[in-house]
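The values are calculated or read from the model by the stated rules, or taken from the named source; none is laboratory data. As the structure is a computational prediction, the values presented were derived from the model and not from experiment. Cβ coordinates were reconstructed from backbone atoms using ideal geometry, including for glycine residues, and neighbour counts include every protein chain displayed. Note: accessible area is taken over every heavy atom of the protein model, side chains too, but ligands, DNA and RNA are not part of it. Shrake-Rupley method; radii C 1.70, N 1.55, O 1.52, S 1.80 Å.
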Amino acid sequence: MRTPGIFVGALGTFTPPTVSVEWAVANGHYPSEDVEMHELGGTAIAGEIPPPEMALRAAQQAVKRWGGSPPGFDLLLYASTWHQGPDGWPPHSYLQRHLVGGDLLALEIRQGCNGMMAAMELAAGCLLAVPERSSALLVAADNYGTPLINRWRMGPGFIGGDAASAVVLTKEPGFARLRSVCSKTIPEAEALHRGDEPLFPPSITRGRPTDFSARIGQQFATQSPAAAAMATMPEQLTALVGQALEESGIQMGDIARVAFMNYSREVVEQRVMAAWDLPMERSTWEFGRTIGHCGASDHILSFEHLVRTGELKPGEHMLMLGTAPGLVLSCAIVQVLERTAWA
C-alpha cells in the first residue's frame, strides 16, 4: 500500500528492566544449551505492571514528543498478543479514559507480532480516506509474566519480553514518513500455530498453557500441510519486500537498517539478512537480543532506539519485516527526514 502524505509524528516506548539468560539458566528457567545455540542475551520483565498501563506510558511519551493535543486524534488502534486484563474488557478504553478521550474510533488489533504494521496499514487507509482526518495513535503492549504461558519457552528461537510502544501517524509533517506498508497471508499454514488443539472450547478457558513450540513441533512431526506450506515462505517474503520497495521507489541497497522480530541470531540471519545478502550489522538483532521478543512492539522499539541513538540518520530508510500466526507476513518502509529533539 502506497502511503503518500503519511508521516510519523513521534514514537514512544516503555521497556522495563531486563534480566540475563545467565540468571535464567541459574534459576532453572532457560535451557543452558540454548544460550550458545540462539545467542540471546536476556529479556525485559515488567513484573505486575498491567499492559494497558505500559501502553499508556508509551503513548504519553509519544504525545509529549509530538507536541499535539491527545483529544485531536481521529483513530486509536491498540495491538496486543496476550491477555490485557479482565476478559471481555477492551484495553483501548483505558487509554481513552486517561489520555485521548472518547470522540474517536478505537479498536483492538489481535494480529500477533505484526500488530503494529497492521495498525499502520489500517490507520493510513483511514486517514487518507477522509480529508478532515489528520492523525492516529497506534499502541502495542504485552506482559507475559502470567500463568499459562512461560516466557522462557514460548516458542522456538525466542524469549518473551514485556514492553509497550506507541506511534503517532499524521498527515502533518513529521520527523519521518511512512513510504509503504503491505501484507499477505499464507492461509495453508494457519494450523502451524494451532497444532492439533481443538477449536472449542478455547484452550485458555480450560487452563491449558500456551506453548507455540509444542504446536509447531506437532505440525512438523506429522508432516502436515501447514508445515509443507512453510517452504513457500522465503518466496513470499521476497515478493512482499519487493512490493514495498517498488511502492517506495527505492532499492534494497537504499535500506540502511532492517528490523525483524527479536528472535535468535540464526533465525534473523537465515530468514531475513542472508536472503538479501545483507550483513547482520544492518539488522537490529544486537539491540533486540537484549530485550526479548516483545509481542507487537519489536519493530517500533528498534525504530525508536535507532532514531534516539542517532544510528538511523536523516535521509535513511528502515525496513520492518515480520511474520505472525495465520500465517501473515507484513512489511513496512519508513524514511527518517530530520533529527528529532529527543534523539
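Can you name the number of the only condition in (1) aliphatic (A, V, I, L, M); (2) open to solvent by less than 10 Å² (accessible area, probe 1.4 Å); (3) modelled with pLDDT of 95 or more that A226 fails?
Going through (1) aliphatic (A, V, I, L, M); (2) open to solvent by less than 10 Å² (accessible area, probe 1.4 Å); (3) modelled with pLDDT of 95 or more one by one, A226 breaks only (3).
Can you tell me which residue is nearest to I159 (Cα to Cα) among those in region 256-272 that are hydrophobic (A, V, I, L, M, F, W, C) and in contact (Cβ under 8 Å) with a residue 60 or more places away in the chain? So that I can check it myself, show each step before the final result.
Our first condition is that a residue be hydrophobic (A, V, I, L, M, F, W, C); within region 256-272, this holds for 256, 258-261, 267-268, 272.
Those still in the list that are in contact (Cβ under 8 Å) with a residue 60 or more places away in the chain too: 256, 258-261, 267.
Values: A256: 26, V258: 20, A259: 17, F260: 14, M261: 11, V267: 13 Å.
Step by step, filter region 256-272, then rank; the result is M261.
So, in region 172-189, exactly how many residues are in contact with a helix residue (DSSP H, G or I) (Cβ under 7 Å, 6 or more places away or on another chain) and open to solvent by 60 Å² or more (accessible area, probe 1.4 Å)?
Of the residues in region 172-189, the ones in contact with a helix residue (DSSP H, G or I) (Cβ under 7 Å, 6 or more places away or on another chain) are 178-184, 186, 188-189.
Then drop every residue that is not open to solvent by 60 Å² or more (accessible area, probe 1.4 Å), which leaves 184, 188.
The total comes to 2.
Filter region 6-18 for residues that are in a loop (DSSP other than H, G, I, E, B) and farther than 15 Å from V168 by Cβ; which is most open to solvent (accessible area, probe 1.4 Å)? Steps first, please.
Kept after step one, since they are in a loop (DSSP other than H, G, I, E, B), are these residues of region 6-18: 6, 15-17.
In the following step, the residues that additionally are farther than 15 Å from V168 by Cβ were identified as 15-17.
Values: T15: 62, P16: 10, P17: 103 Å².
Among residues in region 6-18 that are in a loop (DSSP other than H, G, I, E, B) and farther than 15 Å from V168 by Cβ, the one most open to solvent (accessible area, probe 1.4 Å) is P17.
Of all residues being of a type in the set (G, A, S) and farther than 25 Å from V336 by Cβ in region 229-252, which is most open to solvent (accessible area, probe 1.4 Å)? Just the residue, please. First the steps, then the outcome.
The first filter runs over region 229-252 and keeps only residues of a type in the set (G, A, S), leaving 229, 231, 239, 242, 244, 248-249.
Narrowing further to those that are farther than 25 Å from V336 by Cβ: 229, 231, 239.
Working: A229: 12, A231: 83, A239: 53 Å².
Applying the filter and picking the extreme gives A231.
How many residues are assigned to a helix (DSSP H, G or I) and either open to solvent by less than 40 Å² (accessible area, probe 1.4 Å) or touching a residue at least 60 places away in the same chain (Cβ under 8 Å) (or both) if we restrict to region 207-223?
Narrowing region 207-223 to residues assigned to a helix (DSSP H, G or I): 212-221.
Restricting the remaining residues to those that are either open to solvent by less than 40 Å² (accessible area, probe 1.4 Å) or touching a residue at least 60 places away in the same chain (Cβ under 8 Å) (or both) gives 213, 215-217, 219.
The qualifying residues number 5.
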